[in-house]
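Down below is the structure, laid out as structure tokens.
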Amino acid sequence: MSNTAITEQAPINSATRGNQHGLLRGKRHYLLLAPGVFWMLVFLVLPLLMMVYVSFWTQSTFAVSPDLTIKSWVAFFSSDTYFGALIRTLRIWLTVLALTLVIGYPTALFIGQFVRNKNTQTVLLVTCVVPFWTSFLIRVLAWRPMLGKEGAINILLQKFGITSQPIEVLLFTELSVVIGMVQIYVVFMVGPIAFMLARIDESLIEAARDLGASAWTIFRKIILPLSMPGVVVGAIFVSVMVLGEFATASALSGRKVNLLGNIILTQVGSLKWAFAAVIGVVLTVVMAIVITGLLRVVNLRREL
Amino acid sequence: MMELVSLTKSYDGVSVVKDVSLTVENDEYLTILGPSGSGKSTLLRVIAGLEWPESGTVFLDGLDIGDQLPHVRGLGFVQQKYALFPHLTIFENVAFGLRNRQTDPLRDENEVRRRTLDMLHLVGLDDLGGRMVGQISGGQKQRVSLARTLVAEPKICLLDEPLGALDANLRERMTVELRRIREALGVTFVHATGNEAEAMAMGDRMVVLDNGRSLQIGSPDQIYDLPASVQVARSLNAYNVMAGDTREGVFYHIGHPLPLPPGILDARYYAVRFGSLSILEAGGKADASDGSIEAAFIASEFVGSRMVYFFRDDHGDILEVEQHLSRSDPLDFSLGERRMLAWPVAEVLAFDAAGDLIAGTSRGIAA
Amino acid sequence: MHQLTSLKWILGFYTALFIVFLYGPFLVMGIISFQQGPEGGPQFPIIEWSTFWYKHVMGFAPPSRVAPLPVGEALFRSLTLAFATMIVSTVLGTMTAQAFRTQFKGSGFVFYLVVLGMMVPGILLGLGMALVSDQLGIARTWWGTTFVLHVVYTFPFAFLVMLAIFNRFDSSVEEASWTLGVSPARTFRKVTFPMIFPGVLSAMLFAFTLSYDEFPRTLFTAAGDVTMPIAIYGTFSVEIHPNLFAFGVLTTLFSLALLTVYAILMAMSVRRSQARSSGIQEEIA
């Protein structure tokens with residue numbers, strides 16, 4: 001497969017003798033890299049640059065023209081609707097991030113530290129992953145009959161006499177969006193953390209216990225720091241997905257909660273390309289800040 | 001016949017192999033002795049084509065193979081950690097080269113089978129062909145690795161510390177086995193090792209490598225009797241080497257006078273073989289003509305048929321004394337017990353400031 | 001010690017609750033998929049248990065005001081797209097990871113360039129691609145613009161999986177093969193590939209799953225040709241019906257069946273190699 005690039009038997013003149021080991025020496029690995037790098041430059045970097053470029057184009061009612069202007073930018077920051085969407089996106093992102101961490105960590109702790117049988121660990125993790133084999137959108141929609149006024153939760157609450165009236169704020173509010181997102185993305189937090197926790201050498205914890213450390217000290221001084229890379233990787237996953245979200249919001253908020261993603265969608269729908277591009281750039285910047293910040297805490301390459 | 005012509009190799013500016021030239025004869029067992037980090041593994045890898053030298057080349061039967069990729073060189077290479085194919089059975093591991101090599105692969109399965117089974121028989125693994133790699137012991141893996149290389153009948157087989165990962169018992173057995181297998185096939189072995197006993201016991205000739213340089217080439221006996229330099233004497237792990245200087249024909253090791261053979265005026269290192277030392281009775285006096293030094297007992301251990309005693313002199317240098325059990329019974333000392341160690345002056349080797357052997361010290365053997 | 005056992009129980013109970021939380025909507029989806037049709041809506045209570053919506057998904061139900069899901073075409077497109085994406089991103093991922101086995105200048109740049117593909121939100125990439133194709137006058141198609149974006153998304157996953165595999169790969173077996181006279185190309189086929197195959201398989205599984213369920217990138221780039229997720233997304237704006245849930249149950253069962261086949265294949269390949277080894281053993285004895 002990949003080493004079709006390694007031509008057989010090519011005589012190596014002394015000029016190409018590098019100090020690499022084995023056969024993968026000299027410049028040959030560039031041949032292996034070329035297709036992937038080309039693909040990413042053309043289909044990833046170019047569209048993103050295009051987006052930045054178009055954000056400075058002139059927007060007329062149904063078309064854009066390549067006359068550079070900052071009108072769309074001004075419009076974005078002077079509009080309460082759009083700026084509000086940015087704030088809302090950040091708020092929901094932080095809420096979901098915090099909740100996935102708080103809800104996911106104990107589960108990861110149980111799977112990674114308290115379950116010592118590898119098979120049981122695998123079974124538990126697979127159990128968490130199975131829902132992913134259902135279409136993401138259907139999983140989102142399944143929250144509607146859960147949360148609605150006559151939904152499963154209200155039925156159960158009333159049946160057990162906990163509430164007398166159905167709770168109406170459960171669906172088509174920001175709350176329902178947050179609930180839906182947390183449920184969908186929490187597994188991305190559990191997985192990496194559980195993985196890091198399972199890697200902790202048991203003797204380390206035993207040694208600490210022999211030295212008389214309390215459970216809380218062990219958690220604070222050993223388990224928590226060693227699970228940090230998992231937390232960061234999980235946070236990256238969750239952030240990437242939540243910041244770019246729009247489907248959960250439109251399915252569970254009845255179009256009342258508009259995130260940046262939703263606005264891009266409606267702008268594109270009404271052919272406001274330049275405007276959509278502005279929001280895209282804003283989102284990209286937010287994203288870049290978040291990810292670089294998180295990557296400062298942990299070196300992704302080293303954790304592999 | 002293989003010739004190495006001034007091979008040089010460095011990593012990140014640090015040279016690991018320095019200007020090594022060497023001729024390997026047909027049908028010989030050549031051992032390369034060097035401590036870890038001496039560059040012996042790198043040297044073998046350069047010969048095999050797995051590393052590229054900065055300069056120098058390799059001739060095989062008069063042909064320059066320095067630019068060839070490993071798979072066309074026709075050399076065998078047995079790796080230290082065996083590197084067996086974990087997804088194949090033992091039989092398939094051994095047959096792998098025959099079936100898949102680029103030059104002249106064997107198409108006839110019966111022939112593959114015959115030769116593989118013959119080879120498994122030769123290395124004593126007749127019944128294990130069907131096992132997977134994970135199901136056999138370290139010693140067996142070692143034999144499979146050897147069989148896999150030898151079945152292709154390479155002209156020369158390079159072995160990188162082939163016994164390094166085996167326990168002492170197995171090691172001893174395999175040294176005999178390796179020689180037997182080599183002689184049965186008539187293939188040339190180039191065997192790198194960090195163990196001086198192994199290098200001396202197995203090689204027809206041996207090369208002493210230190211810090212990337214070839215220090216001495218010769219038969220094990222020659223090298224053992226007359227190490228060309230103090231580094232060689234040290235790497236043989238058979239000599240007590242003391243540093244000092246010479247005044248009027250007497251060697252002074254930290255002020256302690258030691259007699260030298262006549263005619264030596266500039267010795268800076270003084271070496272006596274472990275086996276040449278004797279331990280005198282408590283309170284005993286050495287012959288006036290003999291060399292002697294007082295030292296405190298530290299430990300002793302059995303090494304096969306020999307007993308080795310460790311002493312420490314007043315300067316802190318360790319002196320080893322070796323006694324064959326066929327000649328005397330093991331002795332008992334208490335820790336720190338002081339004894340006189342003595343040796344005949346004819347057994348002394350002297351080296352000059354550059355570390356080279358001073359001609360004229362012959363230990364009574366014609367040089 | 002005592003304190004820890006009770007903690008273990010508490011956390012165990014919590015984990016059970018957590019799993020209920022994960023599966024709750026699932027359960028509801030399963031129940032409602034058996035709602036009476038065509039009048040019954042996607043909510044409680046169940047008017048009457050029926051398999052109407054399953055028939056509806058399969059196209060057996062009598063025509064009603066609920067439009068059928070475009071299962072045939074959309075599903076075909078989704079599967080084709082996922083398959084092609086899987087092949088291309090696994091090949092790219094393996095090649096790139098193979099190149100990373102040696103040190104080279106600019107490896108940090110390439111690493112983050114590739115990983116960027118999974119970090120940029122789909123909607124941004126979809127938008128950017130739509131802008132590019134709009135300006136260059138390239139038609140937007142599910143097998144063109146959509147496909148390349150799916151690869152941009154899944155290639156990083158395949159790359160990371162293969163990188164992790166190669167990090168634990170002992171290259172001395174490749175050297176052993178070369179010194180046995182086997183060419184590098186054949187060595188890759190006969191030694192390297194069989195040894196990394198489990199990794200390749202999981203990279204493929206990753207890529208297929210991600211592409212099959214992908215939709216923000218598809219939304220802007222597939223023009224009129226819907227894939228399955230887009231078809232489902234299309235129902236957001238109008239009323240949803242329990243046929244979606246029936247479809248969800250069916251696809252979940254289908255995916256689980258695939259997963260089971262994958263697990264069985266893996267188990268069988270392990271057993272076969274064991275059986276084969278004992279077979280040869282008898283043959284030789």
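Computed from the coordinates by the stated procedures, all read-outs in this text should not be read as laboratory data. Since the model is a prediction, treat every value here as computed from it, not as a measurement. Backbone-built Cβ (ideal geometry, glycine too); neighbour counts: all protein chains shown.
Here is how the number arises for chain C: DSSP H runs of 4 or more residues each give -39500 (n - 2.57), the sum is divided by the residue count, and the result at 222 nm is -24500 deg cm²/dmol. A crude spin-label estimate for the pair C:Leu79 and B:Tyr252, with each label 7 Å from Cα along the Cβ direction, gives 9.6 nm. Restricting attention to chain B, lysine pairs at least eight places apart or on different chains and with alpha-carbon atoms under 17 angstrom apart total 5. For the range B:75-156, the list of trypsin sites (Lys or Arg not before Pro) that fall in a loop by DSSP and count at most 10 other C-beta atoms within 10 angstrom reads B:Arg107. Neighbouring Cβ atoms from other chains, within 10 Å of the Cβ of residues in C:108-120, number 5 on average.
Taking the longest Cα principal axis of chain C as reference, the axis of helix C:242-284 is set at about 20 degrees.
Each Lys and Arg adds +1 at its Cβ and each Asp and Glu adds -1 at its Cβ; summed about the Cα centre, chain B shows a dipole of about 980 debye.
Centre-to-centre, using Cα atoms only, the range B:241-309 and the range A:66-114 are separated by 81 Å.
Within a straight-line Cα-Cα reach of under 24 Å, A:Lys221 can be paired with the following lysines, leaving aside sequence neighbours fewer than 8 residues apart in one chain: C:Lys8. In terms of packing, defined here as the mean over residues of other Cβ atoms within 10 angstrom, the peptides C:123-131, C:188-196, A:175-183 line up highest first as C:123-131, A:175-183, C:188-196.
Reported to the nearest whole Å, the Cα centre-to-centre distance from the range C:11-53 to the range A:216-241 is 34. With a cut-off of 19 Å on the backbone N, the residues of the range C:221-253 near the modelled label site 7 Å out from C:Thr51 along Cα-Cβ are C:242-253. Structure remark: mean-square fluctuation, Gaussian network model of chain B, C-alpha springs under 10 Å; the largest value among B:Asp108, B:Asp317, B:Asp290 belongs to B:Asp108. Other protein chain C-beta atoms within 10 Å of residue C-beta, averaged over B:85-94: 5.
Residue order for A:Met287, A:Met51, fewest other beta carbons within 10 angstrom first, comes to A:Met287, A:Met51. For chain C, the longest principal axis of the alpha carbon atoms and the long axis of helix C:228-237 meet at an angle near 30°.
For chain C, a crude dipole built from +1 on the beta carbon of Lys and Arg and -1 on the beta carbon of Asp and Glu, taken about the Cα centre, is about 580 debye to the nearest 20.
Answer with one residue from A:Ala98, A:Asn117, A:Met241: the one whose Cα lies farthest towards the positive end of the charge dipole of the range A:73-297, charges on Cβ with Lys, Arg +1 and Asp, Glu -1. Sorting the options by dipole projection puts first A:Met241. The ranking of B:Glu301, B:Glu51 by Cβ neighbour count inside 10 Å, starting from the fewest, reads B:Glu301, B:Glu51.
Report, in degrees rounded to the nearest 10, the 0 to 90 angle that the Cα long axis of helix B:138-150 makes with the longest principal axis of chain B. It works out to around 60 degrees. Shown for B:Glu337, A:Glu245, B:Glu320, C:Glu214: other C-beta atoms within 10 Å of each C-beta, ranked fewest to most, produce the order B:Glu337, B:Glu320, C:Glu214, A:Glu245.
Grab the beta carbon distance between A:Arg116 and A:Gln158, set R0 = 35 Å, and tell me the FRET efficiency rounded to 0.05. Walk me through the intermediate numbers first.
Details: r = 42 Å, r/R0 = 1.20.
So the FRET efficiency works out to roughly 0.25.
Take the Cα of A:Lys149, step 7 Å toward its Cβ, do the same at B:Asp266, and the gap between the two points is 11.0 nm.
Look at the stretch A:278-286: the mean tally of other chain Cβ atoms within 10 Å of its residues' Cβ atoms is 2. The lysines within cross-link reach of A:Lys149, meaning a Cα-to-Cα straight distance under 16 Å and a gap of 8 or more places when in the same chain, are A:Lys159. Short-range pairs are left out: with C-alpha atoms under 8 Å and at least six residues apart, the relative contact order of the range B:240-351 is 32 percent.
Where is the GNM fluctuation largest for chain B (alpha-carbon springs, 10 angstrom cutoff): B:Arg327, B:Arg179, B:Arg312? Taking springs between Cα atoms under 10 Å, the residue moving most is B:Arg327. Name the residue, out of A:Gly161, A:Gly151, A:Gly254, whose mean-square fluctuation peaks in a Gaussian network model built on chain A with Cα pairs under 10 Å. Result for chain A, Cα springs under 10 Å: A:Gly161 fluctuates most.
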